[in-house]
1. Kindly provide the set of residues from region 65-97 that are out of contact with any helix residue (DSSP H, G or I) (no Cβ under 9 Å at 6 or more places or on another chain) and loosely packed, with under 12 Cβ neighbours inside 10 Å, ordered by number.
2. Of all residues in region 672-684, how many are surrounded by fewer than 16 Cβ atoms within 10 Å (Cβ to Cβ) and either under 17 Å from residue 703 (Cβ atoms) or in contact with a strand residue (DSSP E or B) (Cβ under 7 Å, 6 or more places away or on another chain) (or both)?
3. Considering region 417-443 alone, what residues qualify as being more than 22 Å from the chain's Cα centre (by Cα) and either surrounded by 19 or more Cβ atoms within 10 Å (Cβ to Cβ) or in a loop (DSSP other than H, G, I, E, B) (or both)?
4. Give the residues of region 146-171 that are in contact with a strand residue (DSSP E or B) (Cβ under 8 Å, 6 or more places away or on another chain) and not in a loop (DSSP other than H, G, I, E, B), sorted by residue number.
5. Considering (1) at pLDDT below 75; (2) closer than 12 Å to residue 102 by Cβ; (3) loosely packed, with under 15 Cβ neighbours inside 10 Å, say which one residue 10 fails and leave the rest.
6. Mind checking which pairs have a first residue in region 234-255 that is under 22 Å from residue 217 (Cα atoms) and a second that is modelled with pLDDT of 90 or more and assigned to a loop (DSSP other than H, G, I, E, B), Cβ under 7 Å, 6 or more apart or different chains?
7. Taking residue 775 and the conditions (1) outside any strand (DSSP E or B); (2) more than 30 Å from residue 454 (Cα to Cα), which numbered condition does it fall short on, given that it satisfies the others?
8. Does at least one position in region 635-648 carry a residue that is on the phi < 0 side of the Ramachandran plot and touching a helix residue (DSSP H, G or I) at 6+ places or on another chain (Cβ under 9 Å)?
């Protein structure tokens, strides 16, 4: 009885409690309404909302806040009641305020007027980060700079911290320490600066990978399957890099994929844990379920009308009893093959654009799986129209004439891929972004082909300075790879030169004053007349070198008759044609060349004074199937060249045994044979192997004439012509040795190094790894091994008696400059009669060398 009386008294007291100054969830009555005014939690009263105002806002919209509160004018509510408490709760849930209060402004009859008083949370001016380097701070700020101006609440603080942690985890810093503080921004009202102090600690690497549950596969083999995640070992210099969550996820997927490929299709990772060992190391624990090994059972086909089961089984190459592998099955069904070595290519190369095949497991018994390959062949499609997009500079016809799959022909995947390769070899487009898009018309059985391309800078400038002959040598070269003679008289097309027709114009000059000058010009048109793939080229050069000038003042120091001079002039015209047999990768080129050599007291040649003419015809057959121009990863580039002059000695009645040098060398006669082959293959991931073999032989028609004075081979060095007076020689690079210093055994070093050799061979193996491959620049590192040698006559020729070198290098391709290279090579075999300080050249530089292989 006493307890009931006590509760009753509390209720009476509660009915008289005022509603004054209760905030953050209750009504704040500025008019100090009390029980005498009719407000009571025991006896709430009904009112009509007569008006609602908002006070205290700085950035927020008052009308939006009133809408969020759901205190709408005209609504009938109880006071006190749920509507008031819900209004406060709704506003708090927005996370925008430090304080919220609802005040009763006034009461008029049965109408009540409210004032929603709020205190907005501060806003973020910016985020200042300390403890990281400039590039890391820049990267993080780019990810969080969208937060400026936002409310500085717990969610923003948490998001910022998580963003920094994710970024550092990508870089291998798994356990950073992040402290945040807020500083008032004196330049803005109610704004604050978030200061983040980061101690990233050390990068985290994998200490051990522990695998449990495996009985078929060894731990070491399973770790190899994980590829990008490697545990620490004493012998591993590369490959044991930072731990990365993304790489770890990829490694787990690759692990299961590899196990599935071995026939264990039920294999899965039951659980995995990354355990912190220290701030620098983590252990990975993986629990694996291997399951049983499965094999292919009966394989049947359905829906095939074009090809028989026998043909399809031959292409598939999978037999009953083979280890079951879904990955191998999909490769044999869908590629990646361009030559019909997979079922998809077999159909797509024959016009069946909508072909598809669905492998269905029809029966599983024991360790055997029966498969039914359900095919939809569809109709054969014929190419109706071909168009190009994205070529802002190059004319449509330059690209369209390279299209292998012509309108009216059956659609062919092989020809489409060949077209993509040919467009890349033009050198005017980014080969990684050329995208063929087939647009089929099922009603008519036709397909329109749209080739999307992206132009890239292709013109090149060579501007360099060097030191040679005791003087500064300057070089200026300009190459325009997309020139247009058709627009020469169109003033609007000169930007700075007319472009767009795929022609090539090259101008180059090199000089150090009076002592040395060299100028050259070349022009080529890949489609003579614009209708047939007949290559036309024309080039000319003139070069002069003189000794007898003071290298610093330029004044002549000896009489004219004692000056040492050589002038070389040359002109070439060439024609080439693409062949369709043995396949359409072959080309046949012809060239007619005229060179004049004028010597005065010029030492180092077979004669010192006189004039020599070189009229020769060249025939070259080549095959180029490289997949890219700048950084090829597959394909071959083979070139066989025969160059010959008329056999003057057979009909000019000259006795070469008694003839003077002027008569003997007036008309140079020789036959020259060259072979150069390169092969590129991706061997693991992005690692590319390049193999090359070269051979050159300079022969004579008659033993009486002796070896010709020009057209010899000079082996060694960077392979660049540069400041080299011997322009009548062919220069072949071989790193680790100085220019031209690989000379035949027993030769006079002074003569052989200047004049060159009639026979050479060279072999090369090179491993390349890309650092960056974009349309703006291409860069890759390389490790190389080279071997080569030269001989004076064929009876001494031994292709295995070579001088060897090993080294490393790097290449950077910039569209405006071409290919720039630096190499460090170490030659192992000395040159007899030559001091090591002369023949060894460890570091070599090159420019625009071996683009696309040659």
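The values are calculated or read from the model by the stated rules, or taken from the named source; none is laboratory data. Predicted model only: the values in this text are computed from it and were never measured. Glycine also receives a Cβ, built like all others from the backbone with ideal geometry; neighbour counts cover every protein chain displayed.
1. Those that are out of contact with any helix residue (DSSP H, G or I) (no Cβ under 9 Å at 6 or more places or on another chain) and loosely packed, with under 12 Cβ neighbours inside 10 Å: 74, 76, 82.
2. Count: 5.
3. 442, 443 - these are the residues of region 417-443 that are more than 22 Å from the chain's Cα centre (by Cα) and either surrounded by 19 or more Cβ atoms within 10 Å (Cβ to Cβ) or in a loop (DSSP other than H, G, I, E, B) (or both).
4. Within region 146-171, 147, 151, 156, 157, 160, 161, 164, 165, 168 meet the criteria.
5. All conditions pass for residue 10, except number (2).
6. The qualifying pairs are 251/226; 254/226; 255/226.
7. The number of the failed condition is (2).
8. No, because not a single residue in region 635-648 is on the phi < 0 side of the Ramachandran plot and touching a helix residue (DSSP H, G or I) at 6+ places or on another chain (Cβ under 9 Å).
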